[in-house]
Amino acid sequence: MIHLRDDQVRDLLPSPTDAVALMRETLLALADGSASVTPKSQVVHEEGGFANAMPAAWPERGLLGIKWVTITPSNRAHGKEMIDGLMVLSGADGSTRAVMDAAELTALRTAAVTGASLALDNRPIAFLGTGVQARSHARVIEALGRGPLSVWGRRAGALEDLVTWGRVNTPNLEIRTATDRAEALAGAGVVISGLPIGLSGSELAPGEVTADATLLPLDYASVAGAELARTGTVVADDPEQYEMLRPLKHGQDYPRATGATGDLLREGRPDGLVVAQNLGSGLGDVVLADAVVRAAGC
């Protein structure tokens, strides 16, 4: 068994393009039921903070593992990362293959699922938020050749930091920034939202986006609220997990999912507005962890 630190995981992760291809396969497996995944088991450890256990197996590929991920909002005040966790990858025989830090793995998995979902819509992209996921998504969007990227944030300083980061890390992606949300959304067909989960007052109203927009929320209902979601089709990376979380995280009045994101990837996007909820499936983490371990030669 090996233990990999986050810096080692970062160096061993597949390229953004390869990660997107792996997450497309994962989304299809979640849609057709070939993988064994249970909804996240959650405990609360501070106000607004929680931790999830995320087990998953893909028997036909011999994949088995679990991720323990923590969300600690109070870390921001101490200059620490809000998201942390640990990934345990097992062999088909149940033995432990590897243990690794999960922050870098989670960041790429989330962005790569979005990247796979971008196959549904080739129109210009807007990203709402300036946190860690803005950077991981910029890497994926650059790799897919889907720029320019419009980014909205409340603080001009955070936007300037993102642009400065982008000049070094995503030099082939033009990042356009705005502190006015309407300006960032103008002309966008795809809206990715990465605001804090549970935030209120930031929901998009019908009319703020095009009537046939594709919304790819990372933040549950913080931006893609119930009023807007009811005007279109709602799908999720993992519909069973979505239905378990919907009353608590989205609200009782939030529409049920009509299917899986993988269904749309296989069958095509319906007309009108589409909301594809990226909840974060443990299967994606297991698939990427397997790629990391293979790259390490183990």
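The values are calculated or read from the model by the stated rules, or taken from the named source; none is laboratory data. What you see is a predicted model, and the numbers here were worked out from it, not measured in a lab. Positions of Cβ are backbone-derived with ideal geometry, glycine not excepted, and every protein chain shown enters the neighbour counts.
Considering (1) touching a Lys or Arg at 6+ places or on another chain (Cβ under 8 Å); (2) over 19 Å from residue 278 (Cβ atoms); (3) not aromatic (Phe, Trp, Tyr), the lone condition that residue 95 does not fulfil carries the number (1). Considering only region 86-101, I want to know if a residue exists there that is under 30 Å from residue 55 (Cβ atoms) and within 16 Å of the chain's Cα centre (by Cα). Checked region 86-101: no residue is under 30 Å from residue 55 (Cβ atoms) and within 16 Å of the chain's Cα centre (by Cα). Listed by position, the helices (runs of 4 or more DSSP H) contained in region 172-261 that have at least 2 residues being out of contact with any Cys (no Cβ under 6 Å at 6 or more places or on another chain), modelled with pLDDT under 95 and surrounded by fewer than 22 Cβ atoms within 10 Å (Cβ to Cβ) are 239-245. From the list 74, 41, the lone residue that is more than 27 Å from residue 298 (Cα to Cα), free of Cβ contacts under 8 Å to residues at least 24 places away in the same chain and of a type in the set (Ser, Thr, Tyr) is 41. Among all positions in region 155-166, there is at least one residue which is part of a helix (DSSP H, G or I), under 21 Å from residue 108 (Cα atoms), among the aromatic types (Phe, Trp, Tyr) and touching a residue at least 24 places away in the same chain (Cβ under 8 Å).
This table checks each residue for (1) more than 23 Å from residue 10 (Cα to Cα); (2) β-branched (Val, Ile, Thr); (3) in contact with a Ser or Thr (Cβ under 8 Å, 6 or more places away or on another chain).
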residue: 111; (1), (2), (3): no, no, yes
residue: 119; (1), (2), (3): yes, no, no
residue: 122; (1), (2), (3): yes, no, no
residue: 128; (1), (2), (3): yes, no, yes
residue: 131; (1), (2), (3): no, no, no
residue: 139; (1), (2), (3): no, no, yes
residue: 145; (1), (2), (3): no, no, no
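Criterion first (part of a loop (DSSP other than H, G, I, E, B), closer than 17 Å to residue 18 by Cα and within 20 Å of the chain's Cα centre (by Cα)) does residue 145 satisfy it? Here the answer is yes, as residue 145 does meet what is asked.
For residue 136, the criteria (1) in contact (Cβ under 8 Å) with a residue 60 or more places away in the chain; (2) under 26 Å from residue 235 (Cβ atoms) hold in every case but one, which is (1). Against the test of being in contact with an Asp or Glu (Cβ under 7 Å, 6 or more places away or on another chain) and at pLDDT 95 or above, the options 97, 109 yield a single qualifying residue, 109.
Answer with yes or no whether residue 34 is over 20 Å from the mean Cα position of the chain (by Cα), over 16 Å from residue 294 (Cα atoms) and of a type in the set (S, T, N, Q). Taking the combined requirement at face value, the residue satisfies it. Close contacts from region 177-191, counting a first residue that is without any contact (Cβ under 8 Å) to a residue 60 or more places away in the chain and assigned by TED's automatic domain parsing to the domain that holds residue 163 and a second that is surrounded by fewer than 17 Cβ atoms within 10 Å (Cβ to Cβ) and β-branched (Val, Ile, Thr), with Cβ to Cβ under 9 Å and a gap of 6+ residues or different chains, come to 177/163; 185/210. Picking from residues in region 1-51 that are in a loop (DSSP other than H, G, I, E, B) and among the charged types (D, E, K, R), the one that is farthest from residue 199 (Cα to Cα) is 5. Close Cβ contacts (under 6 Å, 6 or more residues apart or on different chains) running from residues in region 13-25 that are under 12 Å from residue 143 (Cα atoms) to residues that are of a type in the set (Lys, Arg) comprise 16/139.
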